[in-house]
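Everything on this sheet refers to the single structure shown next.
Just so it is clear, none of the values below were taken in a lab; they were calculated from the coordinates. If you're wondering where the values come from, they're calculated on a predicted model, not measured in any experiment. Here the Cβ is made from the backbone with ideal geometry for all residues, glycine too, and neighbour counts use every protein chain on show.
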Amino acid sequence: MATNQSMMRWLGRASWILLAAGALSRLPAATTPAIGTVVANGSFQIDHTRVWGNATLFDGSLIETAAAASQVSLNQGVQLRLAAATRATVYEKKLVLESGYTQLDSGLNYEMEARSLRVAPAARGTVALVRMTESRKVVVAALQGAVRVSNAGGLLIANIEAGKSLEFEPQEAGAAAPTQASGCLLSKNNGFILAEQTANLVLELKGSGLEQELGNRVEIAGQAEKAGPTIPGASQLIKVAQLKRISKGGCNAIAKKLGAAAGAGGAAAAAGAATAGGAATAAGIGTGATVAIIGGVATAATVGGLGAAGTFSGSETPQPASR
């Protein structure tokens with residue numbers, strides 16, 4: 001009899017423990033602070049549950065839009081828009097895009113990720129768009145302001161100016177990813193730099209035969225050094241394995257912009273500083289004519305510019321709606 005009573009008491013305690021555990025398992029939804037809200041003119045899914053009109057977001061909420069675009073407002077002032085047929089996970093500090101495309105309307109300290117690429121505004125007031133294509137390439141556009149794109153390791157691989165867009169494709173090359181880039185070869189701070197024309201970057205170079213091509217447009221192939229660059233403004237140090245001239249001269253304008261020297265090649269072309277080559281780079285580094293491979297990511301200018309990136313029309317802007 002005593003044994004039965006002891007067993008009943010043990011079962012009673014076990015039941016209370018199970019009930020308490022069940023209650024605790026349901027607490028996070030009530031105790032975890034919300035990070036923002038999402039609004040749409042129609043239905044969408046939050047964490048695989050279909051909702052209508054609006055919903056509260058928590059850190060790590062998965063949003064899947066249907067036929068209507070959605071507007072995301074985070075507590076710290078970040079504003080995002082998700083196009084129709086888009087799938088993305090929203091966190092307090094970043095959005096991870098899995099398919100479709102999204103637009104960051106405001107939020108200086110906020111990132112958008114797609115296929116391990118990190119897209120962040122370079123200044124306040126930046127409006128940036130990220131789209132995943134059907135072939136799993138990533139298109140990034142700066143609708144307003146400037147955008148910085150980094151790879152999974154945090155290495156800067158592109159600067160995108162307002163009104164421009166680039167297409168990216170991460171390569172399966174690992175840590176020893178090769179670099180292939182083109183642009184003006186210049187000298188600065190007793191070293192050599194390449195004003196990369198596609199990704200709009202400055203790369204520090206080391207290797208043989210560089211001095212002979214100063215002031216010319218060249219194409220280089222090599223690998224990034226573990227040691228960081230020593231020249232201010234350069235994003236990485238490249239050991240050049242191959243060097244090929246594309247055209248002679250035409251680099252004076254960009255040399256002046258970067259506070260660099262074009263060398264003998266640039267002096268020989270001084271009379272042609274106002275030619276198409278020099279004028280094309282006067283407003284910035286890039287002409288976006290070739291494909292660059294930087295930090296294990298292939299980068300190319302998109303055909304049609306922002307039109308290839310996709311945009312949100314005014315009719316797609318969601319308004320608050322009731323469930």
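Dimensions of the stretch 154-205 based on its C-alpha atoms, expressed as ranges along the principal axes with the largest first, amount to 34, 33, 19 Å.
Expressed as a whole percent, the proportion of Cα-Cα pairs in the stretch 36-167 lying more than 17 Å apart is 53%. Straight Cα distances below 25 angstrom link Lys137 to the lysines Lys93, Lys94, Lys164, with same-chain residues fewer than 8 positions distant left out. For the stretch 99-130, applying the loop criterion from DSSP together with a ceiling of 11 other beta carbons within 10 Å to the trypsin sites (Lys or Arg not before Pro) yields Arg124. Label-to-label distance for Gln171 and Asp59 is 3.7 nm, based on points extended 7 Å past Cα in the beta-carbon direction.
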